[in-house]
Amino acid sequence: MEQAASKKGKGFVQPLKPHEHWHIDISYLNLAGTFYFLCSVLDGYSRAIVHWEIRETMTEKEVQVILQQARELYPEASHASSATTGRSSSPAISRTSSSSPA
């Protein structure tokens, strides 16, 4: 039986300039036996970290606050629409994978 060709890398259009598309990554950190959340906002073009925060909790509202802080740091990124909400915001946003505590 022949294996189907991988579709990896074919579903995302690479941004052509900085701040055109941001990604949000939420990961767990184990620091001295206590788990914290690391929320990173990454630029899809340069792969640079635009903004990050470590918190004890990570609710949707807290992620929105972190994203708003990133937007305030980069006001020139205010003309795209959000990929996750469909509302006009800056820039287009996608969620990346998150890891869970071991």
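Just a few scattered comments:
- Residue separation of Glu76 and Ala32 scaled by 0.36 nm, minus their Cα-Cα distance, works out to 11.9 nm of gained length.
- Zone of Leu16's modelled label, taken as backbone nitrogen in the stretch 54-76 under 16 Å from a point 7 Å along Cα→Cβ: none
- The amide H of Val50, built 1.01 Å from its N in the peptide plane, has Val41, Leu42, Asp43 as neighbours under 5 Å, considering only residues 5 or more places off or on other chains.
Just so you know, all these numbers are worked out from the coordinates, no wet-lab data involved. On a predicted model such as this, the values are computed, not experimentally measured, just so you know. Here the Cβ is made from the backbone with ideal geometry for all residues, glycine too, and neighbour counts use every protein chain on show.
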